[in-house]
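Undergrad: Sharing a structure, written as structure tokens. Questions coming.
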Amino acid sequence: MARTIAKDHEAKREAILQTAARFFADHGYDRASMGKLAEACGVSKALIYHYYPSKDALLFDILDTHLTALAEVVETAAAQPESPQQRLRGLIRSVLIAYRDSDAEHKVQLDALSSLPEDKQTHLKALQRRMVGAMSDCIEAVEPERFSARSELLRPVTMSVFGMLNWFYLWHRPGGAVDRDAYADIVADLVIGGLPAVCAGEVGG
């Protein structure tokens, strides 16, 4: 009996998280009320507060769940025993696939993370740094000599890659000419093909 209750509790929590992410993404975290959120979830406001004592606690769980899963995907892809070029391609594709069906969580992350208390932000930003570090290592491995000569370029290149991936949801429309796999190849080709030009003139030979 206890296990049935526990599973039901978790299912309800996940349903609240998913609906809340869409609600915050659509209406804006600052403007969203717990009462309206309860209506969107089809539950009572009291039930929302049974799971989460505050709107901040709910936001934190949305982002912690999303970023923890994403960090695990990124680190797994970054550790694959492939050539540096193939590993980077796989990592870029894995990020885009992980973003699928998580557009709401991703938008909330970009828009509302700074609304949380500093200690909660610190935890979430540590997850973000894990992803940035894994991506940075993969990019550096493609052109290690060039980045050794121009180490100051590694971070801007890394953040540029995340910029291309993070804003995909804004312009992409399902069924369009470019799907996630095709866009992953576009980004990978831009990065791998562009690195020699970015670091041009700094490595002998």
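The values are calculated or read from the model by the stated rules, or taken from the named source; none is laboratory data. As the structure is a computational prediction, the values presented were derived from the model and not from experiment. No Cβ is skipped: glycine too gets one built from the backbone with ideal geometry, and neighbour counts run over all protein chains shown. All accessible areas refer to the heavy atoms of the entire protein, side chains included, with ligands and DNA or RNA removed. Shrake-Rupley method; radii C 1.70, N 1.55, O 1.52, S 1.80 Å.
Undergrad: Tell me which residues, restricted to the range 75-87, are part of a helix (DSSP H, G or I) and surrounded by fewer than 19 Cβ atoms within 10 Å (Cβ to Cβ).
TA: Those that are part of a helix (DSSP H, G or I) and surrounded by fewer than 19 Cβ atoms within 10 Å (Cβ to Cβ): 75, 76, 84, 85, 86.
Undergrad: With the checklist (1) at pLDDT 95 or above; (2) touching a Lys or Arg at 6+ places or on another chain (Cβ under 8 Å) in hand, flag the one item residue 57 doesn't pass.
TA: It fails just one condition, (2).
Undergrad: Okay, moving on. Name, by its number, the condition in (1) under 27 Å from residue 127 (Cα atoms); (2) in a helix (DSSP H, G or I); (3) touching a Ser or Thr at 6+ places or on another chain (Cβ under 7 Å) that does not hold for residue 30.
TA: Residue 30 satisfies every listed condition except (2).
Undergrad: Considering only the range 26-43, state which residues are under 18 Å from residue 14 (Cβ atoms) and either open to solvent by 60 Å² or more (accessible area, probe 1.4 Å) or touching a Gly at 6+ places or on another chain (Cβ under 7 Å) (or both).
TA: 42 - this is the single residue of the range 26-43 that is under 18 Å from residue 14 (Cβ atoms) and either open to solvent by 60 Å² or more (accessible area, probe 1.4 Å) or touching a Gly at 6+ places or on another chain (Cβ under 7 Å) (or both).
Undergrad: Quick one: which of 57, 69, 46 is exposed (fewer than 15 other Cβ atoms within 10 Å of the Cβ), under 11 Å from the mean Cα position of the chain (by Cα) and not aromatic (Phe, Trp, Tyr)?
TA: After ruling out the rest, the residue left standing is 69.
Undergrad: For the range 88-204, which helices (runs of 4 or more DSSP H) that fit wholly inside it have 3 or more residues that are loosely packed, with under 14 Cβ neighbours inside 10 Å?
TA: Fully inside the range 88-204 and qualifying: 118-142, 144-149, 154-166, 180-198.
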